[in-house]
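Coordinate-derived values only; no laboratory data. All values reported here derive from a predicted model rather than from experimental measurement. Cβ atoms come from the backbone with ideal geometry, glycine included; neighbour counts cover every protein chain shown.
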Amino acid sequence: MELRSAVRYAISASVVFTWQGPRGPLQGGGVTRDISTAGLYIRTPASPPIAVAVQVEIFLPSIEPEGKPVKILSEGRVIRVEKSSANEAPRGFAAVTEGSSIVRRK
C-alpha cells in the first residue's frame, strides 16, 4: 500500500545539501532521483544521518529557451538512508521537506 502524501516526479537535478555535524556544519552533493512537494530522494555517497535536519539546494535548468536557471531552496529532515549492500557506503537518502522557496538564478 502506498503511504506517500504527494506525487513524486522523476527529476535528475544537481543538489548541494548541508547539515549540522557534531563538530560543525557538513556539506555533501549529489543528484535527485525524485522530487515531490513533500520530500525528495538524493543519490549520494555522503548521506547525513537519519533524523538530522538538512538544508537542500536543487539546481534546475530553465524550461524556457531564453529563461534563467532556477534554484529551489528547501529544508527538511532525513527519514531514510539506503546502502547498496552490507558494509558499503550509503547510496542515497530520503528526506521530508518542511518548506521550500524558488529563486531564479542570474
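By count of other Cβ within 10 Å, fewest leading, how are Glu82, Glu66 ordered?
Glu66, Glu82
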Pop a pseudo-label 7 angstrom from the Cα along the beta-carbon direction at both Lys68 and Gln20 and give the gap in nm to one decimal.
3.2 nm
Per-residue ³J(HN,Hα) for region 18-25, Karplus 6.51 cos²θ - 1.76 cosθ + 1.60, θ = phi - 60°, Hz, x for Gly and Pro:
10, 8, 8, x, x, 10, x, x
Can you run phi through the Karplus equation (6.51, -1.76, 1.60; θ = phi - 60°) for region 36-42 and list ³J(HN,Hα) in whole Hz, with x for Gly and Pro?
9, 6, 10, x, 7, 10, 10
Over the chain, relative contact order from alpha-carbon pairs under 8 Å, at least 6 apart, %
24 percent
Additional length obtainable on full extension of the chain from Glu82 to Val52, 0.36 nm per residue less Cα span
9.3 nm
